Amino acid sequence: MDAGRVCCLDLIVGELLGAAETEEEIKVLRDLTRIFPLLGEAPGAWVEAARLAFRLRRRGKGLSLRDAYVAFMAQTHGVLLYTPNRALRQAQRALALELKFFPPRRSSE
């Protein structure tokens, strides 16, 4: 994290803020945007994410628009994804997306 390797999306920060239960959680989560750089969103990013979700659905793979957006943004910016979301890995295989993932954590960690 200290090497500037962690970034975030407004979408993720917004989801976390929406689930916050205390003012202290809100304060900590708002600091995420100061601590970790936010990936910029180009015009049409959501449209491209919807097209990605459509292509996956045609191949029989379900992926929410939100997850398709995360995949699109990660691919566009060439960043590694750190997620337990298996659907994103399945999407990567189904469409040969240029997504990169952090290695899965071992259960002993």
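Laboratory data are not the source of any read-out in this text; all were calculated from the coordinates shown. Remember, it's a predicted structure, so these values are computed and weren't measured experimentally. Cβ atoms come from the backbone with ideal geometry, glycine included; neighbour counts cover every protein chain shown.
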Within the range 56-93, list the residues whose amide N lies under 12 Å from a label point set 7 Å along Cα→Cβ of residue 19. 84-85
Starting from the Cα of residue 77, step 7 Å toward the Cβ, then list every residue of the range 34-66 with an amide N under 15 Å from that point. 34-43, 45-46
3J(HN,Hα) from dihedral phi, the range 85-98, Karplus parametrisation 6.51/-1.76/1.60, rounded to Hz, x for glycine, proline: 6, 5, 4, 5, 5, 5, 5, 4, 6, 5, 10, 6, 5, 8
How high is the relative contact order of the chain, in percent, with contacts defined as C-alpha pairs under 8 Å that are six or more residues apart? 20 percent
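Starting from the Kirkwood Rh over alpha-carbon pairs, what translational D in µm² s⁻¹ does the range 42-109 have by Stokes-Einstein at 20 °C and 1.002 mPa s? Please list the in-between numbers first.
Values: Rh = 12.3 Å.
D = 175 µm²/s.
Rounded, prolate or oblate: which fits the range 1-84 when a ≥ b ≥ c are the square roots of the eigenvalues of the alpha-carbon gyration tensor, with rounded for a/c under 1.5 and prolate only if a/b beats b/c?
Values: a/c = 2.32, a/b = 1.65, b/c = 1.40.
Cα axes put the range 1-84 in the prolate bin.
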Any idea how far apart residue 90 and residue 34 come out in nm if each label point goes 7 Å out from Cα toward Cβ? 4.0 nm
How large is the helix-only mean residue ellipticity at 222 nm for the chain, computed as the sum of -39500 (n - 2.57) over DSSP H runs with n ≥ 4, divided by its residue count, in deg cm²/dmol to the nearest 500? -17000 deg cm²/dmol
